[in-house]
Amino acid sequence: MDRDRFENWLRNIYETEEQEISCTECFDLVSHFVELEVSGQDAAARMSQLKQHLNQCRACRDEYETLRDLRLVEEQGGMPSPDDLQDLIR
Ligand SMILES: [Zn+2]
């Protein structure tokens, strides 16, 4: 870990203790987090409080993983076709 990262890391710890986000805020922000991640940016560094909440909160992590999976499917050539969905249901 280099010095800048270490300082960032320390700052994140202190900041998140003072202003933890709620599930409601997490829910509002999580789609933005996924967008950053899908576009190849360092979402965890830019939104460290959200990331922290995701680490601690199972419900929000599930929400995040669902959203992310949906976005990744979209990125990889769109939603499944109706035929594919029917195969899944069967
Ligand atoms: Zn939560």
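Just so you know, all these numbers are worked out from the coordinates, no wet-lab data involved. Because the structure is predicted, anything quoted here is derived from the model rather than measured. Quick reminder, even Gly has a Cβ in these numbers, built from the backbone with ideal geometry, and neighbours come from all protein chains shown.
Site pair E20 and R58 shows an inter-label distance of 1.6 nm when each label is modelled 7 Å from Cα along Cα→Cβ. Each residue, E65 and D4, gets one label point 7 Å from its Cα in the Cβ direction; the gap between the two is 3.3 nm. A Förster distance of 35 Å, applied to the separation of the beta-carbon atoms of F27 and D83, puts the FRET efficiency at 0.60.
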